[in-house]
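**Student:** This is the structure I have questions about; it appears just below.
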Amino acid sequence: MKRYLYRRAGASFITLVLASMVVFAGVRALPGNMAVALSGENGSAAAIAAITKEYGLDKPIVVQYFDWVKQLLSGNLGISPQTGQSVVSEIAQRLPVTIELTLLSIAFGIVVGIPTGIYAALRRGKAADYASNSIAIFGLSIPSFWFGILLILLFSVRSHILPSSGFVSFFSNPLGNLKDMVMPVVVLGSGVAAILMRQMRSGMLETLRSDYVRTARAKGLPERVVIGKHALRNSVTAVVTIIGLQFGVLLSGVAVTEQVFLLPGIGQLTIDSVFQRDYPTLQALALLIAFSYIVINFLVDVAYSYLNPRVRLVGASK
Amino acid sequence: MPFIFRHRNTSAKKGRLAGVLIGASLVLASCSSGSSSSTAATTASTAAPAATIKNGGQIIVGLPAAPEALDPATEATYYGRIVFANMCLGLYGISSAGLPTPVLASAAPVISDGGLTYTITLRSGVKFNDGTPLNAAAVVTSLTRDQTLPTSARASALKDIVSVTATGTDTVQLKLASPDSALTTILAGRSGIVVSPTALAKEGANFGQQPVCVGPFMFSSRPSLDQINLVKSPYFYDASKVHAASLDFTVITDPSTCYSNLLSGAINVAACLAPNDVALLKSNSAYQTQTVITNAYAGLDINVGNANGYNKPSAAPNNPFAQHPSLMKAFELSISRKTINNVVFSGINQPGCTPLAPSSPYHTSIGCTHRNIAEAKAIIAATGVSTPIPVTLMEPTGTLNTQEGEVIASEAAQAGFNVTVQSTEFTTALAAAESGNYEMFAIGWSGRVDPDQNITPFYAPGSALNYTGVQDPTLQSLLVQGRTATTVSARKAVYAQVEKRLASDLGIIYLYHEAFQLATSAKLQGVSFTPDGIIHFANAGFTA
Amino acid sequence: MNPPLLKIDNLSVSFSVPGGTVNAVRDVNLEIGRGEILGLVGETGSGKTTVGKAVVRLLEPTSGAIAIDGVDITHLSRRSMRPYRRQIQMVFQDPYSSLNPRMSVEQLIAHPLAIHGIGGRSERVKLVREIVEKVGLSKAVLGRYPGEMSGGQRQRVGLARALVLSPALLVADEPVSALDVSVQAGILNLLVDLQQELGFSCLFITHDLGVAEHLCDRVAVMYLGEIVEIGRREEVLVHGEHPYTKSLLEAVPIPDPTIQRGRERATLPGDPPDPLSPPVGCALSPRCPLADLRCEQEHPSLMAMRSGQTTSEALLGGDDHMVRCHRIQEAGLLVGS
Amino acid sequence: MTDISVAPPKVRRQRRRLGVFMKRKVAVAGGLGIVLIFLLAIFAPVLTQYSPTATDFSHLLAPPFSSGHLFGTDQLGRDTFARLIYGTQSTLEVGVVATLFGTAVAVPIGIISGYYRGWVDSVIMRITDVILAFPFLVIAVGLAAILGPSLRNAILALGIAQIPGVIRIARAEALGLREQEFVQAAVASGASDPTILVKYLFPNMLSPLVVQASVAIPGAILGSALLSFLGVGVQPPTPAWGSMLATAQTYLYQDYWLAVLPGLAILLTTLCFNFFGDGLRDALDPSIG
């Protein structure tokens, strides 16, 4: 087991290193460089030279990369040329917003998706099953930006129930914070709920058909125990995997929702940085997203290998 | 920067680019000219009723893009100027008539030595927003920093100043290398902002995170890039006239969101609206709108001599306009500036065919060509080029820009131009323009006070902004005359010829002068929107 | 003396798994003569399938050698292995997963012929029809897909696919254990008939002693990767001496597929040890009623029941009933003398 | 492993048939919807007299059912109905071609990765991890910035975005299949690797791939709508639902129909594909239920 973990961690590390290289090269492959973008319309040669020098853009890209890695290792992600703030503090300000949005969306997905999935599986073939499945497909099909706009039209513009946008910290105004989060969470969470519902339903059906659930029923165990204890527990592995993957998807996919609801998270910052050629911020962000994706993947794999030891043995026979 | 909903007025994007200007980017009539710039239309849809303004209240302003770090020496965006105008006053400012007016200085500078020495006397009893008194030494510190800081965005504007000395506690003397009549104007921009030496010593390079200047409001916090909070300053010399308790700026990139936020009351001042939404608000008595026509303009750059990049020798690229320059006139005749303005911009901009704003004292009305398909077709026929003539029009991404391209394509098609609109991400488009990798590029300029700065950078050989690669000796000699002429009337005469020359389609087809728009809650009075597009809240407050 | 058709010398196969190394097969020696059926019996996980897969080279041995007709094929390249592939064919345990569901019966059986370039198109068709008839299927099934057939029919297709190449050796890995009992006998009888008709040798892997007794000439019993007893059918299955063999024999077969699993389990107390850390001494010692200190400390070797000689010596003397047990060797010597 | 059930097969079969029939109705509806959408794309010129690109500056933002325009006009006076109908063409092109491209590239890589495992697999998996770790939007914006915006590059970006996921699916299938006895049987009978990959592995992963594609097509349509929002998708004046939606945001308060209609079109199309894919999944892989 330990060796498996080490191997898996090693692979993750390699992925991260590769990712950092791709980020670095990719950012520099964008047309128009940072010095030009920054010094802007009237950038004098002197200003361009100053920026070029300050950010070391005149050095060979390999040297720049190692300079950056050196910086990274000392915990310094540089200064954002757009804001003059350190990239670390800029991200630190925004990350909690994105994480809150992501966590709440997953929570929403779990709360809505899992019970619906169980219910649909138990009522298999009945109207309720088709209805919930159809709604789930609906949830998967609706364009998130459009959904967001519709919600704003309905709940903010027509009826002033919810704020159309904005963000207050949970710690300064918990109720306001939750109100701000309702619509974005519904938009993002509906997709998660749909996926979880479908996964839960098919997992449940599979377990319900299995021998040991049949045995448990035959033994006369009450239905609630059979479902709660046996079937549910058995569907958990797949659901854990999905939640982990969704976490990664959401972290990197919140940009649109953040944009629609004006949430100051990292998604929007990422896109802004692309457009502004803010190399330090963009590099840090892409690495952060890659890192969190890899870490989540790693955790899911580890969790999975604990839940289902057969995974570990893949690679055993030749 | 907008991401999805990039249908902001072109001004936002160009303004951002434009923001990265030298300090003298304020739009106003030159101080040496006596001519008025009253044509800058400041119109309020609802006449401001004379109601009493209460003290207190929170003004929340929606801006379409975020300012950079709030350091007057390095900040370079238009939206940064709006923030500074309310917390970082300069030696001079711009009056509502568009003229430089003393702010921290007590009077206009005393110019001596044949224009080489400027003596500025400071207003007395002024304190920075940390209580530090304003004196000549502080001015010297700020100006020297503007000139010497490596990342300074002000250095080039101040390059003519050779020395700055405090000749008394309240007097500063500037020595110039050569006479520069625009200096007062420059000092009415960010270059003239005086920062607290105490705060500067304390914060050093981080001054932009905790800026301290003189102003009606003082910096409170910036919890994120998109949120700037100011509070009323107790140190301000004119604090009795400041009504609002706080002034917050919040960035809203999406105009629809801006609109819904204004309607829901989340903001009470909107500088982030789309033209069509402003038009909607005009009929809503709960809001008032203001529009100013600025020095910013938009046009179509046509690649006639930039085959290999702006810094390479001029060479004609392989496109119909470079091969047959008269096609530019045909193209101009095939489109209607008025239609573009009405369809895309709800009629808010001012159609025009020169780089000089109608309000500029150097502007001479020459009468633009009007759409004339028959004439356009005749010109095309004369060139012998077979139609339809394929043209690729590069438009920066954004809904309004794309629509502008589509209107142009739709109109030019009738004359025989097959225009393909190529929506291109802004920085990518700039890179393509610099390297000469384009045919036609819809791009504007944020505008300058001095006419030369609105023309020369785009026509000078080897200039980074000379995307078209045009080389016109006649124009060059006229521009030299314009720079060396000393009187306003003499310069005006030169620029009349320049405008005429430019109207003959050298490489840029000018389309319109941009309007900036503002919508405020009707309850908020005393908001002053000056012709330079700057919003002043010093005397603003709520009525009920 | 001609070499035996199949000779396995000191075959070991180990897998590295995250917790260490599992020695699935340890020092196995086996010979199969022409026309002989050797039964390889043992519990699930005893390594019998691994031996089978190593023989058809689906698994790489860690050490040891496998020879066909005296030719060492252990390390042959893919290409040089090809002619020998034709000689060794395998029938798999699960007829549901051993047939490509996207191929028709005809394609399934003809494909090995095509791979080995046997015959022209028409000849292949003929060969396929012949073998299909031989395995007791009608020509009507040729166009069918595996999903449309019963388990018994599928296993007949599996047999046909293996035998169409006229192999010299058939490795049959529990060919009936996945089938209903009612069908099992039919397949087994078919196998016996075909073997007699075609004369191939067979390595028959099973956990079912009854099946082995019905079919095999000789039987080898495996436990934890080792052969613990080997000999002629009646020597092992009637007079089996190894405590493990005995426990297998004591487990009375019950003709009910739902209890089939129980039959794989010997009646010894406890479970087989963790293959990651096998006992130092005799593999069976933790479960064996006869085990003493020596059994726990010293690994017994395989010795002839009557002569007490080690493998090669005993074989020369025609003594081919061998047991891997300290206690039985002691007792057996007494009996034999 | 196979379960040999002792349950009476008749009852089971009947119950399943009923379920399958019910599900099939929805799937058939989805399939018919897809056919209808394709027909709309093909017969667009017959269905409307208006050109989707013809502007009419005298009838801007006309509401639905006015001045001869069924769904009204847009901000440039173009007929919204015509733009919606013609928009199916580019929308479908993006969805289908991007998915075909992504699948065609990814499947061989995934099969090789899963079948050979070892270092080949490690290298491929690391690379796909790296791609997966990047947000799709950054890849899309980057590609569009580097290659320039066009329909072809939008398709390229959307196709590339699908590759890692499809590789994973193909690899997982190959990993599972290679342990299947019929693949081992092929090895044992001396089949060459190319034969095994093409004849044994690929045909047996078709159903998950087809299902994946039926989900990926609507995914790509949604993605192209996003790209249009970024201005890096389908170029004007070609009508595409995504760019129509993007433009409509500006006129949300004047003419909300402009946003509602293309949004509905995207929703209905993705619904059809998803329903169809769902039914397909059930038909091809009954174990999912």
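**Student:** Can you report the number of residues in the range B:417-432 which are under 27 Å from B:Ala381 (Cα atoms) and either touching a residue at least 60 places away in the same chain (Cβ under 8 Å) or assigned to a helix (DSSP H, G or I) (or both)? Spell out how you get there, then give the answer.
**Tutor:** First pass over the range B:417-432, keeping only residues under 27 Å from B:Ala381 (Cα atoms): B:417-422.
Now restrict to residues that are either touching a residue at least 60 places away in the same chain (Cβ under 8 Å) or assigned to a helix (DSSP H, G or I) (or both): B:417.
Residues that pass the stated criteria total 1.
**Student:** Does B:Asn319 satisfy the criteria of being surrounded by fewer than 23 Cβ atoms within 10 Å (Cβ to Cβ) and touching a residue at least 40 places away in the same chain (Cβ under 8 Å)? Steps first, please.
**Tutor:** On the way: surrounded by fewer than 23 Cβ atoms within 10 Å (Cβ to Cβ): yes; touching a residue at least 40 places away in the same chain (Cβ under 8 Å): yes.
Considered against the rule, which asks whether it is surrounded by fewer than 23 Cβ atoms within 10 Å (Cβ to Cβ) and touching a residue at least 40 places away in the same chain (Cβ under 8 Å), B:Asn319 comes out as yes.
**Student:** Would you point out the residue of the range A:117-150, among those that are facing chain D (nearest Cβ under 10 Å) and surrounded by fewer than 19 Cβ atoms within 10 Å (Cβ to Cβ), that is nearest to A:Met200 (Cα to Cα)?
**Tutor:** Among those that are facing chain D (nearest Cβ under 10 Å) and surrounded by fewer than 19 Cβ atoms within 10 Å (Cβ to Cβ), it is A:Arg124.
**Student:** When the range B:257-287 is examined, which residues are found to be open to solvent by less than 20 Å² (accessible area, probe 1.4 Å) and part of a strand (DSSP E or B)?
**Tutor:** B:Val269, B:Ala270, listed by residue number.
**Student:** Sticking with this structure for a sec: Any idea which of (1) open to solvent by 60 Å² or more (accessible area, probe 1.4 Å); (2) within 12 Å of chain D (Cβ to nearest Cβ) is the one A:Leu153 doesn't satisfy?
**Tutor:** (1)
**Student:** Quick one: which helices (runs of 4 or more DSSP H) lie wholly within the range B:305-390 and hold at least 1 residues that are out of contact with any helix residue (DSSP H, G or I) (no Cβ under 9 Å at 6 or more places or on another chain)?
**Tutor:** In the range B:305-390, the matching helices (runs of 4 or more DSSP H) lie at B:320-323, B:337-345, B:373-383.
**Student:** Further question: Look through the range B:385-405, keep the residues that are touching a residue at least 12 places away in the same chain (Cβ under 8 Å) and open to solvent by 20 Å² or more (accessible area, probe 1.4 Å), and return whichever of them is nearest to the chain's Cα centre (by Cα). Before the answer, list the steps.
**Tutor:** Going residue by residue through the range B:385-405, those that are touching a residue at least 12 places away in the same chain (Cβ under 8 Å) are B:385, B:387-405.
Subset that is open to solvent by 20 Å² or more (accessible area, probe 1.4 Å): B:385, B:387-388, B:390, B:392, B:402.
On the way: B:Val385: 39, B:Thr387: 39, B:Pro388: 37, B:Pro390: 33, B:Thr392: 28, B:Thr402: 22 Å.
Restricting to residues being touching a residue at least 12 places away in the same chain (Cβ under 8 Å) and open to solvent by 20 Å² or more (accessible area, probe 1.4 Å), the top hit is B:Thr402.
**Student:** Residues that are open to solvent by 30 Å² or more (accessible area, probe 1.4 Å) and at pLDDT 70 or above: find the helices (runs of 4 or more DSSP H) completely inside the range A:221-293 holding 1 or more of those. Steps first, answer last, please.
**Tutor:** Working: elements: A:232-253, A:255-261, A:266-276.
Counting at least 1 such residues, we get A:232-253.
**Student:** If the requirement is being under 14 Å from the mean Cα position of the chain (by Cα) and within 14 Å of chain A (Cβ to nearest Cβ), which of these qualifies: C:Val17, C:Val41, C:Val25, C:Val13?
**Tutor:** On the way: C:Val17 fails: under 14 Å from the mean Cα position of the chain (by Cα); C:Val41 fails: within 14 Å of chain A (Cβ to nearest Cβ); C:Val13 fails: under 14 Å from the mean Cα position of the chain (by Cα).
One residue alone meets the criteria, C:Val25.
**Student:** Next question, about the same structure. Would you call C:Glu174 away from chain D (no Cβ under 14 Å) and acidic (Asp, Glu)? Reasoning before the result, please.
**Tutor:** Values: away from chain D (no Cβ under 14 Å): no; acidic (Asp, Glu): yes.
Criteria not met by C:Glu174.
**Student:** Run B:Leu89 past the list (1) hydrophobic (A, V, I, L, M, F, W, C); (2) closer than 30 Å to B:Asn261 by Cα; (3) open to solvent by less than 20 Å² (accessible area, probe 1.4 Å) and report the number of the one that doesn't hold.
**Tutor:** Result: B:Leu89 passes all but (3).
**Student:** Here is a follow-up. Going residue by residue through the range B:162-176, is there one that turns out to be farther than 21 Å from B:Ala105 by Cβ and either among the hydroxyl-bearing types (Ser, Thr, Tyr) or at pLDDT 95 or above (or both)? Reasoning before the result, please.
**Tutor:** If we filter the range B:162-176 for residues that are farther than 21 Å from B:Ala105 by Cβ, which is where we start, we get none.
No, that holds for no residue.
**Student:** While we're on this one: Name the residue that is farthest from the other protein chains (Cβ to nearest Cβ), counting only residues in the range B:433-452 that are in a helix (DSSP H, G or I) and either buried (at least 21 other Cβ atoms within 10 Å of the Cβ) or without any contact (Cβ under 8 Å) to a residue 12 or more places away in the chain (or both). Let's see the steps before the verdict.
**Tutor:** Narrowing the range B:433-452 to residues in a helix (DSSP H, G or I): B:433-434, B:451-452.
Subsequent filtering for residues that are either buried (at least 21 other Cβ atoms within 10 Å of the Cβ) or without any contact (Cβ under 8 Å) to a residue 12 or more places away in the chain (or both) retains B:433, B:451.
Numbers: B:Ala433: 10, B:Pro451: 16 Å.
Top of the filtered list is B:Pro451.
**Student:** Let me ask you something else. Output the number of residues of the range B:233-265 satisfying the condition of being within 14 Å of chain A (Cβ to nearest Cβ), out of contact with any strand residue (DSSP E or B) (no Cβ under 7 Å at 6 or more places or on another chain) and farther than 15 Å from D:Leu252 by Cα. If you could, list the steps in order and put the result at the bottom.
**Tutor:** If we filter the range B:233-265 for residues that are within 14 Å of chain A (Cβ to nearest Cβ), which is where we start, we get B:248-265.
In the following step, the residues that additionally are out of contact with any strand residue (DSSP E or B) (no Cβ under 7 Å at 6 or more places or on another chain) were identified as B:253-257, B:259-260, B:263-265.
Okay, now just the ones that are also farther than 15 Å from D:Leu252 by Cα, so B:253, B:264-265.
Result for the range B:233-265: 3.
**Student:** While we're here: Could you give every pair whose Cβ atoms fall below 7 Å, whose first residue belongs to the range B:347-364 and is over 15 Å from B:Lys500 (Cβ atoms), and whose second residue is open to solvent by 20 Å² or more (accessible area, probe 1.4 Å) and of a type in the set (Lys, Arg), counting only separations of at least 6 or pairs across chains?
**Tutor:** Between residues of the range B:347-364 that are over 15 Å from B:Lys500 (Cβ atoms) and residues that are open to solvent by 20 Å² or more (accessible area, probe 1.4 Å) and of a type in the set (Lys, Arg), the close pairs are B:Pro351/B:Arg337; B:Pro351/B:Lys338; B:Pro361/B:Lys492.
**Student:** Looking at (1) touching a Leu at 6+ places or on another chain (Cβ under 6 Å); (2) within 14 Å of chain A (Cβ to nearest Cβ), which is the only condition C:Glu60 fails?
**Tutor:** (1)
**Student:** Only one residue in C:Glu130, C:Glu123 is farther than 21 Å from D:Ala191 by Cβ and surrounded by fewer than 18 Cβ atoms within 10 Å (Cβ to Cβ), so which one is that?
**Tutor:** Values: C:Glu123 fails: farther than 21 Å from D:Ala191 by Cβ.
Only one candidate qualifies: C:Glu130.
**Student:** Let me ask something else about it. Of the residues that make up the range A:79-101, is at least one under 21 Å from A:Gly265 (Cβ atoms), in contact with a Phe, Trp or Tyr (Cβ under 8 Å, 6 or more places away or on another chain), at the interface with another protein chain (Cβ under 10 Å from one of its Cβ atoms) and open to solvent by 20 Å² or more (accessible area, probe 1.4 Å)?
**Tutor:** yes
**Student:** Kindly indicate whether B:Ala409 is outside any loop (DSSP other than H, G, I, E, B), away from chain A (no Cβ under 14 Å) and in contact with a strand residue (DSSP E or B) (Cβ under 8 Å, 6 or more places away or on another chain).
**Tutor:** Values: outside any loop (DSSP other than H, G, I, E, B): yes; away from chain A (no Cβ under 14 Å): yes; in contact with a strand residue (DSSP E or B) (Cβ under 8 Å, 6 or more places away or on another chain): yes.
Spelling it out, B:Ala409 is indeed outside any loop (DSSP other than H, G, I, E, B), away from chain A (no Cβ under 14 Å) and in contact with a strand residue (DSSP E or B) (Cβ under 8 Å, 6 or more places away or on another chain).
**Student:** Suppose we filter B:Gln414, B:Gln422 for residues that are within 12 Å of chain D (Cβ to nearest Cβ), open to solvent by 10 Å² or more (accessible area, probe 1.4 Å) and at pLDDT below 90; which single one remains? I'd like the intermediate steps shown before the answer.
**Tutor:** Details: B:Gln414 fails: at pLDDT below 90.
Unique residue meeting the criteria: B:Gln422.
**Student:** Moving to a separate point now. For the range A:194-214, give me each residue that is at pLDDT below 70 and open to solvent by 50 Å² or more (accessible area, probe 1.4 Å).
**Tutor:** Answer for the range A:194-214, where residues must be at pLDDT below 70 and open to solvent by 50 Å² or more (accessible area, probe 1.4 Å): A:Glu206, A:Arg209, A:Asp211, A:Tyr212, A:Arg214.
**Student:** Name the strands (runs of 3 or more DSSP E) wholly within the range C:144-246 that hold at least 1 residues that are open to solvent by less than 10 Å² (accessible area, probe 1.4 Å) and in contact with a His (Cβ under 6 Å, 6 or more places away or on another chain)? Walk me through it before giving the result.
**Tutor:** Working: elements: C:169-173, C:201-206, C:218-223, C:226-232.
Answer list for the range C:144-246: C:226-232.
**Student:** Going by what's in this entry, would C:Gly33 be described as under 18 Å from C:Val13 (Cα atoms), more than 10 Å from every other protein chain (Cβ to nearest Cβ) and of a type outside the set (Lys, Arg)? Spell out the reasoning first.
**Tutor:** Values: under 18 Å from C:Val13 (Cα atoms): no; more than 10 Å from every other protein chain (Cβ to nearest Cβ): yes; of a type outside the set (Lys, Arg): yes.
Spelling it out, it is not the case that C:Gly33 is under 18 Å from C:Val13 (Cα atoms), more than 10 Å from every other protein chain (Cβ to nearest Cβ) and of a type outside the set (Lys, Arg).
**Student:** Among the residues of the range B:393-406, which ones are among the acidic types (Asp, Glu) and at the interface with another protein chain (Cβ under 10 Å from one of its Cβ atoms)? Steps first, please.
**Tutor:** In the first step, residues of the range B:393-406 are kept if they are among the acidic types (Asp, Glu); the result is B:395, B:404, B:406.
Within the range B:393-406, B:Glu395, B:Glu406 meet the criteria.
The values are calculated or read from the model by the stated rules, or taken from the named source; none is laboratory data. Here the structure is a predicted model, which means the values were calculated and not measured. Reconstructed Cβ throughout: ideal geometry from the backbone, glycine too, with neighbour counts over all protein chains shown. Surface areas here come from the heavy atoms of the whole protein model, side chains and all, with no ligands, DNA or RNA. Shrake-Rupley method; radii C 1.70, N 1.55, O 1.52, S 1.80 Å.
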